[in-house]
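Single-structure report; data block below.
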Amino acid sequence: MPCYDFRCKECNLEKNVKIRMSAISEHKEVCVECNSEMTQVIKSFSASVKMDRQQVGEKIKEDARKIAEKVRSGDQKIISEIYGEK
């Protein structure tokens, strides 16, 4: 789940929040200090490639196996993350 930065419109407090990409457009964040509305802050970032295609494919398969094991075991947290809240 990606992290997004928010800044309070009143006191300038900054906060980093994990939110599903599908939910960010509807997400409203409120400042814990002054109870004002917070706005999303767009910051610059950079990335570097550390794996080739084959390594990425193997990592995806391994991650999928781990998720499938958790779903089979009845892990409610992972099931909610995949299928959404009830």
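Observations on the model:
- Residue check, Glu10 among the charged types (D, E, K, R), in contact with a Ser or Thr (Cβ under 8 Å, 6 or more places away or on another chain) and not in a strand (DSSP E or B): yes
- Of the criteria (1) outside any helix (DSSP H, G or I); (2) over 20 Å from the mean Cα position of the chain (by Cα); (3) surrounded by 10 or more Cβ atoms within 10 Å (Cβ to Cβ), which one Val49 fails: (3)
Bear in mind that the values in this text are calculations on the coordinates, not laboratory data. As the structure is a prediction and not an experimental result, all values here were calculated from the model. Cβ coordinates were reconstructed from backbone atoms using ideal geometry, including for glycine residues, and neighbour counts include every protein chain displayed.
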